[in-house]
Amino acid sequence: LFQGSTKFKNVWTTHSASPIAYERGRIYLDNYQCCISSIAQEPRILYQKPKCSKSEKIEDALLLECPLGEMLPSPSDYKSSLIVLTVQNWLLRLSADSGEILEKIYLAGSCCKFRYLSWDTPQEVMVVKSAQNKLPAAARQAGIQQSVLFYLAVFQVLPLSFIGMLEINKKVFGNSVTDVAVSNGILIVMYSMGLVRLYNFQAISEQFMEQPYDLGHEFNWNGQVGVVGKYPFGLPCNIKITDTPPLLFEASSLENAFQIGGYPWHYIITPNKKKHKGVFHICSLKDNALVIYSDSSFSEMNKCCSRYDLFCNFCFFCRVLKLKEVKNNTDQMEIAEDFTIVANRENSVNNAVTVTASGRVVKKRFNLLDDDPEQETFKIVDYEDELDLLSTVAVTQIGADGRAHLDFHCNEHGILLKSIPLLESWDVTYSHEVYFDKDLVLHIEQKPNRRFSCYVYQMVCDTAKDDECSSHGKKEKVFCQKGGRIFEYT
């Protein structure tokens with residue numbers, strides 16, 4: 001990747017009137033009806049399914065990968081597959097290479113509308129969430145009360161098995177619930193006043209599980225006999241939360257912004273007032289103690305964020321901070337700057353004193369703002385975990401035309417290791433996604449009026465030149481592991 005002769009060449013471009021999705025070497029078009037492999041030197045179609053009706057429209061999808069070192073019941077389980085959720089509450093497992101339906105599960109009737117797929121534990125436990133239940137206006141005017149806000153169906157994957165379904169009820173969790181999620185074994189409930197509450201999902205399952213059910217088995221539910229996961233009965237709601245579960249943790253944050261991470265565990269919130277938008281507090285999960293900011297300039301930057309919302313839209317530097325112990329006090333943590341990546345703004349004219357053509361000296365009464373789009377700004381910052389790289393997309397907008405480049409920085413020191421120019425024009429007002437995957441860079445752009453574009457760049461290496469430069473004519477042994485075998489190259 002970082003050798004001087006390595007380039008990235010634009011090998012494929014496509015445009016679509018529907019959203020474009022990317023998952024691990026596969027590009028999906030036409031609402032997942034067309035799958036294109038991006039692994040080859042030039043993307044090629046893996047399969048093209050017939051156009052589906054509106055009732056078969058896919059709402060969401062997740063890619064399943066075979067777990068390592070496990071015995072699975074079906075040969076098809078060892079190949080990658082795509083779990084999709086349709087508008088009619090069908091959960092389908094498709095072959096990722098052919099689109100063939102491998103498994104088919106009916107979730108529920110018209111009582112609820114399932115819409116979202118997410119991971120509780122990646123590649124192990126999957127969650128299917130309904131849209132928020134809302135009564136029709138006529139029913140509300142008639143005084144009918146709606147107590148169930150959300151449904152959650154939880155599955156073990158590969159082999160696909162049903163863990164349970166539960167409802168989020170006003171009578172248990174309160175009237176002001178706005179959203180809910182399950183992640184890393186935690187049930188997360190969000191409220192309209194910015195409150196976030198965390199509960200132990202496993203403990204809830206064990207305490208309130210009425211009866212476990214297996215897919216494909218016959219069951220008797222409220223006097224009706226059906227088959228679990230089959231039409232028209234679907235799945236039973238077998239986790240009935242009757243009392244408020246024990247609370248693990250709660251925090252109040254603006255717009256429910258809440259993140260947990262670091263070691264020892266810490267969380268990040270924004271104080272729950274509009275004037276604090278852009279301000280972040282890092283606190284210990286153990287005792288809620290606010291972490292010390294050891295760098296005064298960071299505190300000033302935090303204040304700046306709260307004053308200027310545009311700061312986040314026109315970011316001209318990326319400051320990486322580190323959580324570490326305070327010297328001579330292992331119980332106290334502090335935040336310190338690790339390194340800063342600064343955009344290239346050499347063309348910026350921001351002098352306090354300028355001289356006109358006639359020789360007159362003019363003093364500015366204020367400095368130019370940092371949100372000038374004609375100067376380079378960062379639009380995307382991401383972390384690549386397999387290579388331990390920090391990636392940034394920097395854009396310079398001149399008129400209607402914008403130029404962007406993808407940069408890779410060492411995650412330890414922030415040193416620039418590689419810069420990849422993106423050839424297509426980049427408009428900062430559009431929505432953009434950029435993926436780096438093995439030897440591939442992929443850019444998905446959403447323009448107004450639901451126009452989508454996808455640009456694929458492939459790594460091109462001049463291996464002969466690189467070998468000559470790296471080994472200086474000497475022979476070297478290189479070992480490479482592929483598919484459980486070790487290859488030796490000289």
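Kindly indicate the residue of region 74-83 that is surrounded by fewer than 21 Cβ atoms within 10 Å (Cβ to Cβ) and not aromatic (Phe, Trp, Tyr) and also modelled with the highest pLDDT among those meeting that condition.
Among those that are surrounded by fewer than 21 Cβ atoms within 10 Å (Cβ to Cβ) and not aromatic (Phe, Trp, Tyr), it is SER80.
Among what's in region 144-175 and is polar (S, T, N, Q) and assigned to a strand (DSSP E or B), pick the residue that is least open to solvent (accessible area, probe 1.4 Å).
Checked region 144-175; the qualifying residue least open to solvent (accessible area, probe 1.4 Å) is ASN169.
Pairs, please: C-beta under 8 Å, at least 6 apart or cross-chain, first residue within 19 Å of HIS15 (Cα to Cα) and hydroxyl-bearing (Ser, Thr, Tyr) and in region 415-441, second open to solvent by 40 Å² or more (accessible area, probe 1.4 Å) and not in a loop (DSSP other than H, G, I, E, B)?
Taking only residues 6 or more apart or on different chains, the pairs are SER425/ASP401; SER425/ARG403; TYR430/GLN446; TYR430/LYS447; SER431/GLN446.
Taking strands (runs of 3 or more DSSP E) that fall entirely within region 28-136, which contain at least 2 residues that are over 22 Å from ASN184 (Cβ atoms) and of a type outside the set (Val, Ile, Thr)?
Per the criteria, 34-37, 44-48, 81-86, 90-95, 101-106.
How about region 406-433: which of its residues are touching a Lys or Arg at 6+ places or on another chain (Cβ under 9 Å), more than 11 Å from LEU389 (Cβ to Cβ), open to solvent by less than 70 Å² (accessible area, probe 1.4 Å) and not aliphatic (A, V, I, L, M)?
Hits for region 406-433 are SER425, TRP426, ASP427, TYR430, SER431, HIS432.
Can you tell me which residue within region 97-121, out of those that are more than 26 Å from TYR47 (Cα to Cα) and open to solvent by 80 Å² or more (accessible area, probe 1.4 Å), is modelled with the highest pLDDT?
This residue is CYS111.
Among the residues of region 224-282, what is the count of those that are closer than 30 Å to PRO212 by Cβ, assigned to a strand (DSSP E or B) and open to solvent by 90 Å² or more (accessible area, probe 1.4 Å)?
The total comes to 3.
Restricted to region 289-330, and to residues that are open to solvent by 90 Å² or more (accessible area, probe 1.4 Å), of a type outside the set (D, E, K, R) and over 30 Å from ALA343 (Cβ atoms), which residue is modelled with the lowest pLDDT?
Looking at residues that are open to solvent by 90 Å² or more (accessible area, probe 1.4 Å), of a type outside the set (D, E, K, R) and over 30 Å from ALA343 (Cβ atoms), I get THR330.
Across region 1-27, what is the total count of residues that are assigned to a loop (DSSP other than H, G, I, E, B), open to solvent by less than 20 Å² (accessible area, probe 1.4 Å) and among the hydrophobic types (A, V, I, L, M, F, W, C)?
Within region 1-27, residues that are assigned to a loop (DSSP other than H, G, I, E, B), open to solvent by less than 20 Å² (accessible area, probe 1.4 Å) and among the hydrophobic types (A, V, I, L, M, F, W, C) number 1.
The values are calculated or read from the model by the stated rules, or taken from the named source; none is laboratory data. Source: prediction; values computed, not measured. Ideal geometry is used to build each Cβ from the backbone, glycine not excepted, and the neighbour counts take in all protein chains shown. Remember, those area values only see protein heavy atoms, side chains included, never the ligands or the DNA or RNA. Shrake-Rupley method; radii C 1.70, N 1.55, O 1.52, S 1.80 Å.
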